[in-house]
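Taking it in order: structure first as structure tokens, then the write-up.
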Amino acid sequence: MLNSASIDMFRDLVSEYDAAYRSVSVRDVLSDAKELLGIWNDVMESTLDYKIINKEELKEAFLSDLALHYLQDTSTEDPIISALITEAVLFQPYLEEARLFSQAFARVQRKANKRLLQEMEEELEAEELFHAFNRLQRKENKAVLQSIQSSKQSKAFQMVLRIAAILLLIAIPAGILRLYFMGDSNNGSTNTAENDPKKPQSSSDYFASTYVDIKLPKPSEETSTVNAEATTTAMGYANSEEAFNIKIINLQPQLSYLQKREKEINSRINTLKNKTFKHKKSTLDSLETAYAKVIDLTQYIQRKELTYEMNAPKLSVYVIKEKDLQQMKVFNYNDLGTDRFYLYSEGKYFALNNGQGILKAETDEGILSALDSKN
């Protein structure tokens, strides 16, 4: 059975540029990945649109992910990784970089683990002093503290392993990693000497993780079916009147969400800049990374406006402003027997071709006259 790890990685990476890529077949994804890396491919036509995809950036990210995956599972029979192993000149630098990264992270993990254990020991000592004279007898106190120690050690090791997995798989910002290792974002509500209610609130009050997550809502969709009326009925030529399925995909919900997040994150950054607290720099770094991501996504969605995808007779049109789907029509300009489809919307005719494209209004007077005669 085909190991699809590299296929899933490639699909996820491309989908960051073009969400529609998630519906592409496994065969086309494998073909596109091979074409990008220069591996022999029996299907030469790529489905990728490099007008919206940075080819070099995609290639570098894909090779880095493949290298990390290969270090974790050197027995893989993945077809892309197997082909890359023979291409040492291309793949070796990324493997070396992945090995160095893994070694560096292992050192950070050991240091963080040691630091957490030391902090737990200090916390338990403080807890013993705080509670010994007013809540527990000596024997009860000893049993409770042993239980707390066992519980917290388990949580500490689980946290380190979870952070390691997240870092290797999705490369979380270093600022957040430092905050988990060194901050107090998970102190809990135990009323210890370190967490005495008489003391000021901890730095966890300023941790802005809720602002970092970006969860785009689904765009709204509306569909309709219209007949593509032909402009020519001369004998001997096809008179195609196939039913076209038009889908309008409105990206405004996503754009509104991003604009709201942009204001929220920017406001949070401005607020925290004027405060003094532990791990201020790493917290601001993570917020500024999230802010940059929101800006990139906003620009990407704005570029998608008035683009389309067509696999006749199916047509999808991306919009930001509301369009009256009921007023849209499709015409087949079949002069000389050649089918050329046009979308009519808001008084203009837009030429359509199979695949992806940008809606451009037709300006040829002869074509416009023929289309108007059927409208």
Q) Looking only at residues in the stretch 319-345 that are without any contact (Cβ under 8 Å) to a residue 60 or more places away in the chain, surrounded by fewer than 16 Cβ atoms within 10 Å (Cβ to Cβ) and under 17 Å from I249 (Cα atoms), which one is farthest from the chain's Cα centre (by Cα)? A) Q327
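Considering N245, N266, which residue is among the polar types (S, T, N, Q), over 26 Å from the mean Cα position of the chain (by Cα) and at pLDDT 85 or above?
The match here is N245.
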Q: Within the stretch 346-361, track down each residue that is loosely packed, with under 14 Cβ neighbours inside 10 Å, assigned to a strand (DSSP E or B) and within 29 Å of the chain's Cα centre (by Cα).
A: G355, I358
Q) Can you tell me which residues in the stretch 258-282 are surrounded by fewer than 16 Cβ atoms within 10 Å (Cβ to Cβ) and of a type in the set (S, T, Y)? A) S267, T271, T276
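With respect to D285, determine if the residue is touching a residue at least 12 places away in the same chain (Cβ under 8 Å), surrounded by fewer than 18 Cβ atoms within 10 Å (Cβ to Cβ) and acidic (D, E).
yes
Matching residues to (1) among the aliphatic types (A, V, I, L, M); (2) modelled with pLDDT of 90 or more:
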position: V330; (1), (2): yes, yes
position: N334; (1), (2): no, no
position: D339; (1), (2): no, no
position: Y349; (1), (2): no, yes
position: N354; (1), (2): no, yes
position: I358; (1), (2): yes, yes
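Does Y291 meet the test of being at pLDDT 90 or above, in a helix (DSSP H, G or I) and over 18 Å from Y21 (Cα atoms)?
Taking the combined requirement at face value, the residue satisfies it.
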Q: Select, from A312, A292, the only residue that is among the aliphatic types (A, V, I, L, M) and in contact with an Asp or Glu (Cβ under 9 Å, 6 or more places away or on another chain).
A: A312
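The values are calculated or read from the model by the stated rules, or taken from the named source; none is laboratory data. Keep in mind that what you see is a predicted model, and the values were worked out from it rather than measured. Heads up, the Cβs are rebuilt from the backbone with ideal geometry, glycines too, and the neighbour counts pull from every protein chain shown.
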